[in-house]
1. Would you list the strands (runs of 3 or more DSSP E) that sit entirely within the stretch 70-163 and hold 3 or more residues that are within 19 Å of the chain's Cα centre (by Cα) and surrounded by 16 or more Cβ atoms within 10 Å (Cβ to Cβ)?
2. Given the options K253, K240, K166, K189, name the one that is closer than 16 Å to F105 by Cβ and among the basic types (K, R).
3. If you go through the stretch 178-207, how many residues are crowded, with 17+ Cβ neighbours inside 10 Å and of a type in the set (G, A, S)?
4. Using the structure shown, decide if R223 is closer than 21 Å to I62 by Cα and either surrounded by fewer than 14 Cβ atoms within 10 Å (Cβ to Cβ) or out of contact with any helix residue (DSSP H, G or I) (no Cβ under 7 Å at 6 or more places or on another chain) (or both).
5. Please tell me if P200 is touching a residue at least 12 places away in the same chain (Cβ under 8 Å) and under 14 Å from L128 (Cβ atoms).
6. Can you confirm whether the stretch 4-21 contains a residue that is of a type in the set (D, E, K, R), touching a Ser or Thr at 6+ places or on another chain (Cβ under 9 Å) and at pLDDT below 95?
7. Taking the stretch 57-69 on its own, how many of its residues are part of a strand (DSSP E or B) and either of a type in the set (D, E, K, R) or closer than 16 Å to A88 by Cα (or both)?
Amino acid sequence: MLAGLACVAGVVWAAESCKQLVATGNPEYPPYLWREAADGSRMLGANADLMQLVSKEIGIPIDVRYVGSWARVQEEAKLGRIDLIAGAFFTVDRLDYMDYVYPAFRETRSVLWGRQEAPLKYQQWSDLKGLVGLTVINNSFGEGFDRYAKSSLKINTVPSLEQAFKILQLGRVDYLIYEEDPALAYIAKLAITGLAPVNPSVSNESLYLTLSHKSPCNSPELRAALSKAMYKLARLNVMKKMVDANIQLWRTK
């Protein structure tokens, strides 16, 4: 009975001390997240839909809003100006400013994108030595690849995925590295031609919900509630349906 009372007290405490959570994420990340055209402060996508399910589970409203580029999102998390990042890969550096909520809610593939007129010969990371790559600022492709790229590869960065595709099309770099689903979504909507993904994948990583260390809502009770919610929703496999639905939504927006 005492254990049950403690659990109830924890939930009540969390609800009383934390009236709302602010979540955000990469705004160039369809079908997971993107900025709504009609209301520039709002975010749409499968991850935004997931946050509303999490909100119901923990009993605290979650406002999913646009705060800027992916680089800006991470700065806002460091400063505690937002509470949650709805979708981040694990890196050791990010542990300095945010807690990861387990389990992960989605597995993703990051691949190389090349020009069809200049096919890449790629089987392993070392095949990229001597080539010039490109990605979006502050993107991560998993702890292992990030370390290897930093020490052995030349990968330039730009602020947006659309800009990266244009640079690749012009042949100014040898390849672009980005996650498969968001890249395919952009290619379809922008009617980009002449580019193709290269197999095998560079990395396969998990997407996590994260909580800023400096969030005023960050507490053991909230972290436990979030983990329980993510565990339940992962077992229900809700993400597949939401990703499929948001692929269609993105193409019409």
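1. Details: elements: 84-88, 98-115, 132-136, 154-158.
Strands (runs of 3 or more DSSP E) meeting the threshold: 84-88, 98-115, 132-136.
2. Working: K253 fails: closer than 16 Å to F105 by Cβ; K166 fails: closer than 16 Å to F105 by Cβ; K189 fails: closer than 16 Å to F105 by Cβ.
When all the criteria are applied, what remains is K240.
3. 3
4. Working: closer than 21 Å to I62 by Cα: yes; either surrounded by fewer than 14 Cβ atoms within 10 Å (Cβ to Cβ) or out of contact with any helix residue (DSSP H, G or I) (no Cβ under 7 Å at 6 or more places or on another chain) (or both): yes.
Judged against the criteria, R223 is a match.
5. Values: touching a residue at least 12 places away in the same chain (Cβ under 8 Å): yes; under 14 Å from L128 (Cβ atoms): yes.
The answer is yes for P200.
6. Quick first cut of the stretch 4-21, residues of a type in the set (D, E, K, R) only: 16, 19.
Add one more test, that the residue is touching a Ser or Thr at 6+ places or on another chain (Cβ under 9 Å), and what stays is none.
No - not one qualifying residue is present in the stretch 4-21.
7. Let us first name the residues in the stretch 57-69 that are part of a strand (DSSP E or B), namely 62-65.
Restricting the remaining residues to those that are either of a type in the set (D, E, K, R) or closer than 16 Å to A88 by Cα (or both) gives 63-65.
Residues flagged as part of a strand (DSSP E or B) and either of a type in the set (D, E, K, R) or closer than 16 Å to A88 by Cα (or both) within the stretch 57-69 amount to 3.
The values are calculated or read from the model by the stated rules, or taken from the named source; none is laboratory data. Just so we're clear, the structure is a prediction, and the values are computed from it rather than from any experiment. Glycine also receives a Cβ, built like all others from the backbone with ideal geometry; neighbour counts cover every protein chain displayed.
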